[in-house]
Amino acid sequence: MKAIAALGIMSGTSLDGVDLAYCKFSHAGNSWQYSIEHAETIPYSAEWITKLRGAETLPSLDLLTLHAEYGQYLGRISHEFIIKHQLRPKIIASHGHTIFHQPTSKVTFQLGHGSAIAAVSGIDTVWDFRSGDVMLGGQGAPLVPIGDLLLFSQYDVCLNLGGFGNISYQHNGHRLAYDTSPVNIVLNNLALELGHSYDCNGELGRNGQPIPELLQQLNNLDYYKKVGPKSLGSEWIEQEFLPILKHFGSYSTNDRLHTVYLHIAQQIGACLSSTNCKNVLVTGGGAKNSFLVSLLRQNTKLPLVIPDTITIDYKEALIFAFLGVLYLSNIGSSLATVTGAERNSVAGVMSKGGGIFTHS
């Protein structure tokens, strides 16, 4: 199979910025090969952070307007990235920015209209990766396990520490995956109380002390008693997690932050102990947080593999690029064993780009 070039776009709930990864994929025999040719993170401006944080409270018409505006923004930065590096992607694959995720109500919404991306960039764009699975009764998430399975099979477990933590592994010949707990979406929120956009190396949390009652209440949340498939969204944070943190608002932010770190590590440790696996690949922004990683090592006996910086930072954008290639190849990428849907499906919908570039 001739190599296919794809541009993956990822915006996580932690609001760090937009990850762009230009990747090439080839398939020979039963295996896929990949390379990340160029990758970059475009930080969000203060204006965009405000818009994205407030999107879920917008009236419907204003939300649809922002949907188009954000899509045009993604198309513009993609176009600039393509021109800067003289790239020729066959496809763009965009996750969008999750605003609503309530799969039990058949609702999931990722901001960033794919037709706007395609129109501005000139490149065919695959987007709206979750809705089809949700309509089939699934969680619509996680989406990366097919990439874990086909691109990172040398690792028994893939653990991503982004806005939320999620885990992916093989069990009895099937891929299983689910969200483990909130991670950076809560850690960053607490760091903001101390005037920091994030907790660099976990130093703010490291300087705190545990609050046993808070830790117990967080660990007793109903979500952790459920078996997969299951997934988390910002609504759950607002309705279930943050009210507990606010109840302990008289304690210092450092102490609450320290306790949340313990909670994250304990929940992930419990998830890993149920896998019967031998090694763990750790990626996402949390993999750079030395305090969090040290707590994880205390809560599992499994070796934690921290890869190179490019893989840490851009694995999700890489896998979305891969999802675009799987869409072109009509290969099922949303796995029913992961999401709980009635069957596997090809994730995403296509918007045509108008052919500004000639694809090679």
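Brief remarks follow.
- Subset of the stretch 75-91 [out of contact with any strand residue (DSSP E or B) (no Cβ under 6 Å at 6 or more places or on another chain) and of a type in the set (A, V, I, L, M)]: ILE82, ILE83
- Hey, ASP16 at pLDDT below 95 and either surrounded by fewer than 16 Cβ atoms within 10 Å (Cβ to Cβ) or within 23 Å of GLY147 (Cα to Cα) (or both) or not: yes
- Filtering SER290, SER273 for residues that are over 18 Å from the mean Cα position of the chain (by Cα), closer than 22 Å to ASP16 by Cα, surrounded by fewer than 15 Cβ atoms within 10 Å (Cβ to Cβ) and touching a residue at least 24 places away in the same chain (Cβ under 8 Å) leaves a single hit, SER290.
- Residue within the stretch 143-158 that is under 21 Å from PHE241 (Cα atoms), crowded, with 24+ Cβ neighbours inside 10 Å and not assigned by TED's automatic domain parsing to the domain that holds THR339 present: no
- SER234 meets the stated requirement of being hydroxyl-bearing (Ser, Thr, Tyr), closer than 24 Å to GLY137 by Cα and assigned by TED's automatic domain parsing to the domain that holds LEU176.
- Extreme residue, farthest from THR13 (Cα to Cα), among residues of the stretch 38-71 that are more than 18 Å from the chain's Cα centre (by Cα) and β-branched (Val, Ile, Thr): THR65
The values are calculated or read from the model by the stated rules, or taken from the named source; none is laboratory data. Note that the structure is a prediction, hence the values are computed from the model and not measured. As a convention, Cβ positions derive from the backbone with ideal geometry for all residues, glycine included, and neighbour counts pool all protein chains shown.
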